[in-house]
Amino acid sequence: MDARSYIEAHRDDFLSSLDEWLRIPSISSDPEHHEDVRTSANWLAEHLRATGFPSVEVWETPGLPTVFAEWPAADPEAPTVLVYGHHDVQPVDPVEAWETDPFTPTLRGSSLYARGASDDKGQVLFHALGVKAALASSGSEAPPVTIKMLIEGEEESGSVHFADLMRANRDRLACDTVVISDTTMWSADVPSMCVGMRGVTDLQIDLYGPDRDLHSGSFGGAVPNPLQGMSDLLSALHDDDNHITVPGFYDGVVEASDEERELIARLPFDEKEWLDTAASSATWGEEGHSTLERVWLRPTAEINGMWGGHIGEGRKTIVPASAHAKVSFRLVPGQDPVAVQQGVQEFVDAHTPAGLRAETHFSGPGTRACASDLDSTALKAARSAMEQAFGKEVLLTREGGSGPEADIAEILDAPLVFVAVGLDEDQIHAPNEKVEVPLLLKGAESAAHLWREIAERS
């Protein structure tokens with residue numbers, strides 16, 4: 001039986017298992033659901049044991065548990081591949097916006113609605129089906145590569161303990177390639193592979209002037225105004241070409257290759273449709289780059305919020321005592337978040353008017369960007385595997401969001417390959433999250449081909 005036939009024959013069993021798992025409200029950011037996250041980890045561990053993984057463990061952390069599983073290849077010299085995903089899910093608020101209960105999986109047509117259906121339980125579970133399909137098609141009792149699975153329980157709440165967990169278990173996690181199944185494709189009709197994710201760092205800036213709000217008639221125009229100072233500071237973040245003016249900001253930026261830019265340009269991108277999705281009437285950004293390049297390949301600075309002084313009803317003509325802003329920077333490969341933070345601090349110091357005092361508060365060390373090597377054997381194997389499953393060319397994309405992938409690549413010293421079948425319209429992190437069942441089955445088939453492709457190319 002070939003992989004596709006096996007997957008079709010076991011479709012109902014797969015959906016039944018996924019239904020069970022999706023009913024567990026494993027919301028890691030809500031302490032009231034922490035026991036549910038542990039229940040989710042135990043459920044997955046049992047499922048992987050039933051799949052045939054000879055070694056399955058639930059790894060505790062100071063927070064919430066991660067599941068580790070390993071299935072050695074028949075050939076001890078075969079490559080080792082580690083699959084990363086997560087079993088925790090986002091909160092469901094506002095619950096009244098859901099058409100059906102978020103933890104009662106509901107199949108409507110080819111779409112399965114439930115929190116976690118796409119992000120990320122469905123995409124984790126297709127790997128279990130994929131390895132069984134690979135064994136069925138080969139007639140073997142062990143996969144052609146050693147498969148390890150590392151399924152985190154805190155991704156949706158910042159992966160706060162994940163890097164330390166990997167460092168503590170580096171020997172157990174040793175691998176030649178990391179497969180990430182927590183991203184999206186371009187569309188159901190245009191299969192694609194993500195080959196990079198941006199990093200991020202963010203901060204709050206506070207400017208302080210007089211010790212109290214002042215009467216603008218008595219003092220206005222004669223003392224520095226914190227809101228005016230903040231406005232000037234933030235407007236100086238970009239020059240006339242919308243380049244970011246933070247000192248050293250572009251140092252080390254790894255430019256995308258001509259090949260990747262050409263493949264991105266081949267995507268059927270409709271800017272008008274994209275603007276409709278963005279509820280915007282115009283595009284904006286760094287000169288010399290397309291819209292997709294701006295959201296995937298280029299770093300950004302965004303003013304997330306600004307406040308201070310009187311914002312209530314009626315008049316209150318004052319010079320405010322303080323002004324505040326939240327700013328975030330999306331980063332690309334080659335940028336060090338800590339170095340960017342140092343540059344931002346220099347920028348704030350240089351643009352704080354005399355008579356005002358500035359404070360900066362970064363939310364943490366930041367997250368680095370990551371990118372796949374387009375020439376790597378693993379990426380070529382993954383692209384071929386997906387093309388066999390989908391029956392057409394697989395194009396390349398990146399994602400503008402951020403996750404723990406850069407830490408995974410650095411700590412495990414292994415290249416990243418993204419094999420995922422989610423869609424932007426799956427409404428992850430929003431009410432009515434869903435996943436397309438046919439795509440999950442294609443994901444399982446891609447995984448089945450992937451192990452053989454990697455073994456044959458090693």
Any chance you could give the angle, 0 to 90 degrees and rounded to 10, that helix 377-390 forms with the longest Cα principal axis of the chain?
70 degrees
Count the DSSP beta bridges whose two residues both fall in region 83-190, then state the antiparallel fraction as a percent rounded to the nearest 5.
35 percent
Long pairs among Lys132/Lys380; Lys272/Lys434; Lys121/Lys442; Lys272/Lys326; Lys148/Lys434, criterion Cα-Cα beyond 19 Å
Lys132/Lys380; Lys272/Lys434; Lys272/Lys326; Lys148/Lys434
Counting other Cβ atoms within 10 Å, keep those with at most 12, restrict to DSSP loop, and tell me which GluC sites (Glu not before Pro) in region 292-360 are left.
Glu313
Of all GluC sites (Glu not before Pro) in region 76-171, which ones are in loop regions per DSSP and have a Cβ with at most 16 other Cβ atoms within 10 Å?
Glu77, Glu99, Glu141
Let me cross-check Ile428: its accessible surface, 1.4 Å probe, with only protein heavy atoms counted, in Å² to the nearest 10?
70 Å²
Quick one: accessible surface of His238, probe radius 1.4 Å, all protein chains present, in square angstrom to the nearest 10.
40 Å²
Enumerate by residue number the trypsin sites (Lys or Arg not before Pro) in region 217-318 meeting two conditions: DSSP loop (anything except H, G, I, E, B), and at most 13 other Cβ atoms within 10 Å of the site's Cβ.
Arg266, Arg315, Lys316
Among Thr291, Ile311, Ser17 the positive-end extreme of the charge dipole of the chain (Cβ point charges)
Ile311
What 222 nm value per residue comes from the helices of the chain, counting each DSSP H run with n ≥ 4 as -39,500 (n - 2.57) and dividing by all residues, nearest 500 deg cm²/dmol?
-10500 deg cm²/dmol
Quick one: check the C-alpha center-to-center distance for region 98-154 versus region 32-96, whole angstrom.
11 Å
Does anyone have the angle between helix 11-22 and the longest principal axis of the chain? Alpha-carbon axes, 0 to 90°, nearest 10?
40 degrees
Cα-based Rg and Dmax for the chain, where Dmax is the largest Cα-Cα distance (Å)
24.4, 88
How big is region 14-113 in terms of Cα radius of gyration and Dmax, in angstroms?
16.0, 54
Calculate how many DSSP beta bridges within the chain are antiparallel, expressed in % of all such bridges and rounded to the nearest 5.
70 percent
Furthest towards positive pole of dipole, Leu331, His361, Leu395, structure part region 295-440, Cβ charges
His361
To the nearest Å², the heavy-atom accessible area per residue of region 163-313 with 1.4 Å probe amounts to 51 Å²
May I ask you to evaluate 6.51 cos²θ - 1.76 cosθ + 1.60, the Karplus curve with θ = phi - 60°, for each residue of region 443-455 and list the ³J(HN,Hα) values in order in whole Hz, giving x for glycine and proline?
x, 4, 5, 4, 4, 4, 6, 4, 4, 5, 4, 5, 4
Determine how large the accessible area of Trp296 is when every protein chain is in place; take a 1.4 Å probe and give Å² rounded to the nearest 10.
30 Å²
What do you get for the angle between helix 226-235 and the principal long axis of the chain? Use alpha-carbon atoms, 0 to 90 degrees, nearest ten.
50 degrees
Enclosed volume per residue, in Å³, of the convex hull spanned by Cα atoms of region 100-174
114 Å³
Percent carbon-and-sulfur accessible area, the chain, ignoring ligands, DNA and RNA, probe 1.4 Å:
47 percent
Given points 7 Å out from each Cα along the Cα-Cβ axis, report the Asn432 to Ala222 separation in nanometres with one decimal.
5.9 nm
Formal net charge of residues neighbouring His361 (Cβ-Cβ distance under 12 Å; K, R +1; D, E -1)
-2
If DNA, RNA and ligands are ignored and the probe is 1.4 Å, what is the ranking of Tyr84, Tyr208 by accessible area, most exposed first?
Tyr208, Tyr84
Accessible area, probe 1.4 Å, largest first, for residues Arg298, Arg23
Arg23, Arg298
Added length on full extension, which subtracts the Cα-Cα distance from 0.36 nm per residue, Glu359 to Trp274:
26.9 nm
Taking all protein chains together and a probe of 1.4 Å, list Glu260, Glu273, Glu70 from the most accessible to the least accessible.
Glu273, Glu70, Glu260
Starting from the Cα-Cα distance between Ser281 and Ser231, subtract it from 0.36 nm times their residue separation and give me the gain in nm to one decimal.
15.6 nm
For region 266-411: Kirkwood Rh in Å [reciprocal of mean 1/r, alpha carbons]
19.5 Å
Could you calculate the contour length gain from His289 to Asp424, that is, 0.36 nm times the residue separation minus the distance between their Cα atoms, to one decimal place in nm?
46.4 nm
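The values are calculated or read from the model by the stated rules, or taken from the named source; none is laboratory data. Since the structure is predicted, the reported quantities are computational estimates derived from the model, not experimental observations. Neighbour counts run over all protein chains shown; Cβ positions are idealised from the backbone, glycine included. With ligands, DNA and RNA removed, areas are computed over all heavy atoms of the protein, side chains included. Shrake-Rupley method; radii C 1.70, N 1.55, O 1.52, S 1.80 Å.
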